[in-house]
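Engineer: Let me begin by handing over the structure; questions about it come next.
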Amino acid sequence: CLSIYLQKEMLAKLVLLLGFFAIAGAVMQFKQSQFLSEYDLKYNEYANISCPGQGCTLYTTRVKYGDIGIYEGESLLKTLAQIYKKTDGFLVGYHIPPGINYRLKTISAMPTGVIFKVYIVSDSAGIGAVTDTDWTRDIDPKGKRIVTILDSWGHDQLIFSAFKGNVAPKIYTTGFDAINTCSPAYTARSVESAKIDKVLVNTMLATIDFGSTDVSNGYHVYSSFHIGWGFSADIGQSFVMMTPGYTGCQGIFPSSEGQGHGGTYKYQTGPGITKVVVNFVDVHMINNLEVNITYTLQEGGAPRSNSTIVNSLDRPSSYSFVGDTLALDIDYSQCNMDEYFLLQIDFDDDTPPTTSYLITTTSSAMSKTIVTSTATLISTTSSSGRASHVFGFILLLILTFSALQYS
């Protein structure tokens, strides 16, 4: 599940209907764009590109451990090292005119293999803000609402944290051209939640929608090679978890690259967390994909673990675990090329809030508010609790009557 493919039948229909990017073995294929990486040249000498219409813009990361050439037929146009350029923190695209005979080819590579990421966008999609990571960096959109990020390392995961902004953001596992037709991998519950959430996306291509063009917007992004991760969760935090290569686009599935992979994600909870919700935002299970959710609660002074196994027989949606939660582990295995899932995990405090009833009276003669009583009602199921509840109401009525007499 480390990359993306389109079923052959659907790819043929797309080529006929759209006439865009007829590719063999592309990592990611969208309606108006294509994403290529070292995986495309792992078993092939060339990676073919078709660019109809008015032309395309090619964005590349800094090539590592070698160089890649852009060819038209047998003619070398440029190398990726030659066109890599950034201005004000954003990649400068290299424009290629319409053509169907473009391809990428390795020019030089170390024994470990060359590492590169290329994002090619049709001119019909417009010009977007595109940048790359350098393992870890702060993303400053500089007043731009939409920013696409390419992972310049040979990793398969990006972790977003430390959000800055006044509008709840969204993160997509696509380029900027596809955010109107694909679903986000992460939608913040609130601005406050976004500032403490840690968003791990299994992709080498992601797009942030900051929700506004405020110049104070920002995000921190970290490139990771781990299949799975360990986190510490606090009250109000949300996390996302997905199979590698998830795009949120209908008709695009994880490919056979990495088939059979699994992953384990561990969440150690902080104090006060008494409710955990695991929500299957998007899921497609057939036969082999199985998700095991293990939660550990503190009961009677000792931890107790329980497991819930989710597979194709369950029609998974949302699972809630209430109690003094100590840990949550989620692992999955046997991910076939047409099976995937996207989870959002919310950590909260499920303790019922204490409601305070404040009785006030206003003296017309003195034109001021006098606080006469404050009573707190606590819900309980015991007989003594019910008696206290009734007594509280009686006390409120007596104090209210007294206050009205002296007002």
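Rundown of residues vs (1) under 20 Å from ASP209 (Cα atoms); (2) open to solvent by less than 40 Å² (accessible area, probe 1.4 Å), yes/no style:
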{"site": "ILE70", "(1), (2)": "no, yes"}
{"site": "LEU80", "(1), (2)": "no, yes"}
{"site": "LEU104", "(1), (2)": "no, yes"}
{"site": "ASP134", "(1), (2)": "no, no"}
{"site": "ILE149", "(1), (2)": "yes, yes"}
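Engineer: Follow-up question, since we're still on this one. So ASP40 passes all but one of these: (1) outside any strand (DSSP E or B); (2) open to solvent by 20 Å² or more (accessible area, probe 1.4 Å). Which condition number does it fail?
Structural biologist: (2)
Engineer: So for the range 164-182 (the condition being in contact (Cβ under 8 Å) with a residue 12 or more places away in the chain, in contact with a helix residue (DSSP H, G or I) (Cβ under 9 Å, 6 or more places away or on another chain) and part of a strand (DSSP E or B)), does at least one residue qualify?
Structural biologist: Yes - at least one qualifying residue is present in the range 164-182.
Engineer: Going through the range 53-90 one residue at a time, which ones are of a type in the set (Ser, Thr, Tyr) and farther than 22 Å from THR112 by Cα?
Structural biologist: THR57, TYR59, TYR71, SER75, THR87
Engineer: Being touching a strand residue (DSSP E or B) at 6+ places or on another chain (Cβ under 8 Å) and under 26 Å from GLY251 (Cα atoms) is true for just one of TYR84, TYR46. Which residue is that?
Structural biologist: TYR46
Engineer: Would you be able to say whether some residue in the range 290-309 is more than 25 Å from GLY270 (Cβ to Cβ), open to solvent by less than 40 Å² (accessible area, probe 1.4 Å), over 19 Å from the mean Cα position of the chain (by Cα) and not aromatic (Phe, Trp, Tyr)?
Structural biologist: no
Engineer: Further, regarding this structure: Go through the residues of the range 211-228 one by one and say whether even a single one is part of a loop (DSSP other than H, G, I, E, B), in contact with a Pro (Cβ under 8 Å, 6 or more places away or on another chain), among the small types (Gly, Ala, Ser) and touching a residue at least 12 places away in the same chain (Cβ under 8 Å).
Structural biologist: Yes, some residue in the range 211-228 is part of a loop (DSSP other than H, G, I, E, B), in contact with a Pro (Cβ under 8 Å, 6 or more places away or on another chain), among the small types (Gly, Ala, Ser) and touching a residue at least 12 places away in the same chain (Cβ under 8 Å).
Engineer: Go through the range 287-308 and give me each residue that's under 19 Å from MET241 (Cα atoms) and touching a residue at least 40 places away in the same chain (Cβ under 8 Å).
Structural biologist: ASN288, LEU289, GLU290, VAL291, ASN292
Engineer: Could you please find all residues in the range 88-113 being within 23 Å of GLN54 (Cβ to Cβ) and in a strand (DSSP E or B)?
Structural biologist: PHE90, LEU91, TYR94, HIS95, ILE96, GLY99, ILE100, ASN101, TYR102, ARG103, LEU104
Engineer: Could you tell me which of the residues VAL63, VAL118, VAL130, VAL92 is aliphatic (A, V, I, L, M), touching a helix residue (DSSP H, G or I) at 6+ places or on another chain (Cβ under 9 Å) and surrounded by fewer than 16 Cβ atoms within 10 Å (Cβ to Cβ)?
Structural biologist: It is VAL92.
Engineer: Just one of the numbered conditions (1) on the phi > 0 side of the Ramachandran plot; (2) of a type outside the set (A, V, I, L, M, F, W, C); (3) surrounded by 18 or more Cβ atoms within 10 Å (Cβ to Cβ); (4) at pLDDT below 90 is not true of GLY251; which one?
Structural biologist: Status for GLY251: all satisfied but (3).
Engineer: Further question: In the list SER333, SER318, which residue meets the criterion of being at pLDDT below 85, over 19 Å from SER232 (Cβ atoms) and either surrounded by fewer than 18 Cβ atoms within 10 Å (Cβ to Cβ) or among the hydroxyl-bearing types (Ser, Thr, Tyr) (or both)?
Structural biologist: Just one listed residue meets the conditions, SER333.
The values are calculated or read from the model by the stated rules, or taken from the named source; none is laboratory data. Quick caveat, the model's predicted, so the values are computed rather than measured. Glycine also receives a Cβ, built like all others from the backbone with ideal geometry; neighbour counts cover every protein chain displayed. Keep in mind that these areas ignore ligands, DNA and RNA; they rest on the heavy atoms of the full protein, side chains included. Shrake-Rupley method; radii C 1.70, N 1.55, O 1.52, S 1.80 Å.
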